[in-house]
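Below is one structure, written out as C-alpha cells; the observations come after it.
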Amino acid sequence: MTELKTETITINMGPQHPSTHGVFRLILTLDGETVVDVEPVVGYLHRNHEKIGEKNNWIQNTPFTDRLDYISPMSNEFAYVLAVEKLAEIEPPERAKYIRIIMVELNRIVNHMIAVGFLLNELGCFFTPMFYCLRWRELVVDLYEMTAGSRMMPNYFWIGGVSADLPEKFLPECKEFVDAVPGFIDELERLLTDNEILQMRCRNVGVLPPDVAVEYGCTGPLLRASGVPYDIRKAEPYSIYDRFDFDIAAGTVGDVLDRYLVRIAEMRQSAKIVEQALRDLPEGETATPKKRKFRPPEGDVYHRIEAPKGELGFYLVSDGSENPYRYKIRAPSFVNLQSLPYMCRGHKIADVVIIIGSIDITMGEVDR
Amino acid sequence: MEAIQGILEFIDQIFVKLSFWFSAQLANFLPDWGVTFIMMFATVLVLIVFGLASIIWINVFERKIIGRIQDRYGPNRFGPWGLLQCVADMIKLLTKEDVTPTKADRLIFNLAAVAPVIPTFMILAVLPFGRGMVAADLSIGYLYIVAVGCLGTIAIFMAGWSSRNKYALLGGMRTVAQMISYEIPMVLSVVGVLLLVGSLSMVSIVEAQGQWRLPFVVLQPLAFVLYFTAAVAEVNRSPFDLPEGESEIVAGYHTEYSGIKFAMFLLAEYINAFSICAIATTVFLGGWQGPILPSWAWFFIKTYFLYFVLIWMRGTLPRLRVDQLMNFSWKTLVPLALANLMLTALVAKLVPQYSHVGAIAFLVMNVVVIVCIALVKYPRWRRDRREVVLVPRTATPQVDSS
C-alpha cells in the first residue's frame, strides 16, 4: 500500500478576523486541523506613535499614552508620568500617590476582567461571560468619568500629581465597588472555572515552561502563570507599592488555564490593594504647582512598571527642550506576543485562538 | 361538563376538521384523485408556511432569551416587543449584494445554498403536531427522519467545498466528521425506544407512550440525554458549533455566502433545531399527549421548552475542540448508546409491557448505568484541581547566559 499523500495548507488568519484582538495577522500552516507553524505579522495598526511622541511636548504625551493600551489607559499614563518625574526629579504629593495607586489597580481589575471575558469568548462562549465582565468594567469607567471626565481616555495623571482631586462621591462608590469585587469573582469562578468544557479546552494547552518564558522576555501574568513569581511591584517597588500588603499569584504548569487562574487571583489582590489605599488615603494637595512650559533637565531615563499585561517601560531622552528627544516604549503585549509561535505549534487551530486570548494583547500597544 | 369536553375536543381537532372541510369542499367539483392531489400540495404548503413563519418567532425568541441571559434586552425596536425583528433582518439580507466568488464552483456553490433547506422541510412531514395532525404517517417514520437528515450534511459539505475558501473548507471538513460521528449515537439512542414500541412510525411512538401512561423520558432517561446531546451536535448548535465556530474559522462553511443565500443557511439551521426538539418531544416527552390543553398546544409547549434548553446552552457553554468532539462521540456517546440498547432489549424481554413493574425496572436499569458512568467518567480535572500559588515575595528570573 502506498502511503497517503498529504499536504499542508496555509491559512491567512487576520488582519480582519473575529478573534485576533484587532488587526493582527497570523500566517498559519496547517496539517488538517493541527498547526505546523505560525508566523505572526504585526504592523497593521502602526501609527508612528513613538515619532509623534517626539514632536509632542512633554505634557502632551500624557494623554497620548492613553492610546497605547486603550484597555488600561491609567497604567500607561502612570508609567510615562513616573518616568518623566524620575527624569525631572519631581516628587508628587502623598495624596496624589495614593490616588494613582487606586486608579492603576482599578485598571488592573478591568483589564483582567476583559482578558477573562475575551478568553471565554474565544472558547466559543457566545459573549455571555464577556457581558458579565463588562458590566463590572462599567462601574470602573464610571469612577473614571467621575474623576477625570472621560471613560476611556482619562488623561488623569499629570506630571507631578493628578489633574483633579477625587470628587466627593468617589470614595463611597469606590469602596462599594471594591467590596463587591471578591463576590463577583467568586461568582465568575463558580460559573466558569469548574466548567467541564473550559477545563478540557484550557488544560495543557499552550504550555510555556518558565525558562522559555524568561528567554522570550515575557512578563506579567504570562510569566507568572509559568511559575516565575516575578512582579515589578515587588521586585523594584516604584511609587508607594512597598507600603501595601499583597501577594503575587503564580501558576504551576504555564498553560492557558494557569493564565486564567492567575488573572483571577490578581484581581483579588488588586482589590486588596485598592482597599488598603482607600483606607490610608491622606488629605492634602493632589499636584505640584504646574508650569505652562515644562522643560526637564538633559539626560535619559528608563522607568518600568508592572502594567496589567506585563512590564511597561518608557525610555525617554531629554535634550532640555520642550519635547522629548527620544520617546521609546517597551510594550508588554509586543514582547509577550513573541512566544506565540512556540506555544501554538502542535496544537489545533482552535487552540491558537485561545492562546492569543490568554496572552492578552492589545494591538494599540503591539503596533504603536 | 359534556359541553366543555365538546368544546375542548373541537379546539383539539380544529386543524384536522379544517382539512376535512377543505377536502369536502374540493370533493364537490373534483374527482377523488384530484382531491388527494390538491390536498397533498395544500399540506406541503401549510408545512412550508408553518416552517417559515415559525422562524420569525423562533429567531426573536432566541435573541430575546440570549439577551436576557446576557443581561440586556435583546431586540425591542421593530414591532411590538421587537417581534418583527426577523422581518427587518430578512429585508436587510434580501437587499444585500449576492456575491459569488470568482474562483468558486458556481453551480455547486449556488445549489448548496438551496440544498440544506429541502431536507429540513421534509422532516416536518412525519412529525405529529397533534392528535391526527401528521402530514404523512410513514411506517418507517424514524428511519425516514434519519435518512433525510443526512442530506443536510451533503449540502453543508457542498457549500464548504465549492466556496474555494480555506475557512469554508475547514468548516466543511469539520461538519462531515461531526455529523457522521454524531448520527450514530443519535440513531442508536432512539433504537431502545423503537424496541419498546415495536414500530418506527412516529404516531405509534406517541401512542405507545399513551399506553405506558408515561413518557419515554422516564423509561429511557439516558437515551433521552444521549439523543439530545447527539442531536445538538447534529444541528451544529453550541457547544458543538464547530463547523461555524465564529471565533476560530470565521463562519465556517458559509463564510463566502451573503444575502439571501446566507439567509437560507440560517433558515435551515433554525428549522433543524426546531425539528430535533420536535423529534425529542415526540419520541421521549410523550408528543402531543397531555391533560386539558389541546394536543397541538402540548406539542408546542414541550418543543419550545426543549428549544429553550438549546438557547440556554448556546448562551452559556464554551465550545469543544475538534478532537475532543470526536472523542466524546466515539468514546462516550456510542458505547453508552450501545449499552443502553442492549440493556433495554434485555429488560424489555424480562418485564411485562405497559406495567408499573416494567417502568420501575427500566428506571433502575438507567440509574445503574448512570452511576456506572459517573464512576468511570469522573473527570480527571476534578481529582486534580489546579490552584495558583500565592507568594508574598518576588523571585528574579535567572537567565542562562550560556
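A few comments on the model shown:
- The range B:63-72, residues that are within 11 Å of chain A (Cβ to nearest Cβ) and buried (at least 18 other Cβ atoms within 10 Å of the Cβ): B:ILE66, B:ILE69, B:GLN70
- Taken over the range A:295-342, the criterion of being of a type outside the set (Asp, Glu), surrounded by fewer than 16 Cβ atoms within 10 Å (Cβ to Cβ) and touching a helix residue (DSSP H, G or I) at 6+ places or on another chain (Cβ under 8 Å) is satisfied by A:PRO297, A:GLY299, A:TYR302, A:TYR325, A:ARG326.
- Selection status of B:ALA168, of a type outside the set (Val, Ile, Thr), within 14 Å of another protein chain (Cβ to nearest Cβ), surrounded by fewer than 21 Cβ atoms within 10 Å (Cβ to Cβ) and in contact with a helix residue (DSSP H, G or I) (Cβ under 7 Å, 6 or more places away or on another chain): no
- Check on A:LYS86, modelled with pLDDT of 85 or more and basic (Lys, Arg): yes
- Exclusive hit being in contact with a strand residue (DSSP E or B) (Cβ under 9 Å, 6 or more places away or on another chain) and among the β-branched types (Val, Ile, Thr), set B:VAL87, B:VAL49, B:VAL16, B:VAL44: B:VAL16
- Residue satisfying condition, being more than 8 Å from every other protein chain (Cβ to nearest Cβ), at negative phi and not in a helix (DSSP H, G or I), within set A:VAL228, A:VAL207, A:VAL212: A:VAL207
- Verdict on A:THR20 being touching a residue at least 24 places away in the same chain (Cβ under 8 Å), of a type in the set (S, T, N, Q) and surrounded by fewer than 16 Cβ atoms within 10 Å (Cβ to Cβ): no
- When we screen B:VAL347, B:VAL322, B:VAL334, B:VAL351 for residues that are crowded, with 19+ Cβ neighbours inside 10 Å, at pLDDT below 85 and either more than 15 Å from B:LEU194 (Cα to Cα) or among the acidic types (Asp, Glu) (or both), the only hit is B:VAL322.
- Single condition A:MET152 does not satisfy, out of (1) away from every other protein chain (no Cβ under 14 Å); (2) more than 22 Å from A:ASP247 (Cβ to Cβ); (3) crowded, with 21+ Cβ neighbours inside 10 Å: (3)
- A count restricted to the range B:212-244 and to residues that are in a loop (DSSP other than H, G, I, E, B), surrounded by fewer than 21 Cβ atoms within 10 Å (Cβ to Cβ) and hydrophobic (A, V, I, L, M, F, W, C) stands at 1.
- Residue count for the range A:121-156, restricted to those that are in a helix (DSSP H, G or I) and of a type in the set (Gly, Ala, Ser): 1
- Exclusive hit being without any contact (Cβ under 8 Å) to a residue 40 or more places away in the chain and either of a type in the set (D, E, K, R) or surrounded by fewer than 18 Cβ atoms within 10 Å (Cβ to Cβ) (or both), set A:GLU173, A:GLU189: A:GLU173
- Pairing residues of the range B:1-18 that are modelled with pLDDT under 75 with residues that are surrounded by fewer than 14 Cβ atoms within 10 Å (Cβ to Cβ), at Cβ distances under 7 Å and at least 6 apart in sequence or on separate chains, gives no pairs at all.
- For A:ILE27: the one exception among (1) over 23 Å from the mean Cα position of the chain (by Cα); (2) within 19 Å of B:ASN165 (Cβ to Cβ); (3) in contact (Cβ under 8 Å) with a residue 60 or more places away in the chain: (3)
- The one condition in (1) away from every other protein chain (no Cβ under 13 Å); (2) within 18 Å of A:GLU266 (Cα to Cα); (3) touching a residue at least 60 places away in the same chain (Cβ under 8 Å) that A:VAL81 fails to fulfil: (2)
- Boolean, A:ASN111 is part of a helix (DSSP H, G or I), within 17 Å of the chain's Cα centre (by Cα) and not acidic (Asp, Glu): yes
- Helices (runs of 4 or more DSSP H) contained entirely in the range B:245-319, each with at least 3 residues that are within 14 Å of chain A (Cβ to nearest Cβ): B:246-249, B:295-316
- In the range A:116-140, the residue that is farthest from the other protein chains (Cβ to nearest Cβ) out of those that are aliphatic (A, V, I, L, M) and surrounded by fewer than 24 Cβ atoms within 10 Å (Cβ to Cβ) is A:VAL140.
- Single residue of the range A:243-254 satisfying the filter (surrounded by 23 or more Cβ atoms within 10 Å (Cβ to Cβ) and part of a loop (DSSP other than H, G, I, E, B)) that is nearest to the other protein chains (Cβ to nearest Cβ): A:GLY251
- Of all residues in the range A:192-204 being more than 8 Å from every other protein chain (Cβ to nearest Cβ) and polar (S, T, N, Q), the one that is surrounded by the fewest Cβ atoms within 10 Å (Cβ to Cβ): A:ASN204
- Residue ID - surrounded by the most Cβ atoms within 10 Å (Cβ to Cβ), chosen from residues in the range A:30-74 that are touching a His at 6+ places or on another chain (Cβ under 9 Å) and part of a loop (DSSP other than H, G, I, E, B): A:LEU68
- Checking each residue in the range A:216-225 for being on the phi > 0 side of the Ramachandran plot and either without any contact (Cβ under 8 Å) to a residue 12 or more places away in the chain or surrounded by fewer than 22 Cβ atoms within 10 Å (Cβ to Cβ) (or both) picks out only A:GLY217.
- Taken over the range B:73-99, the residue count meeting the criterion of being within 14 Å of chain A (Cβ to nearest Cβ) and surrounded by fewer than 16 Cβ atoms within 10 Å (Cβ to Cβ) is 1.
The values are calculated or read from the model by the stated rules, or taken from the named source; none is laboratory data. Only a predicted model underlies this, so the values are computations on that prediction, with no experimental measurement involved. Don't worry about glycine lacking a Cβ; one is built from the backbone with ideal geometry, like all the others, and counts go over all protein chains shown.
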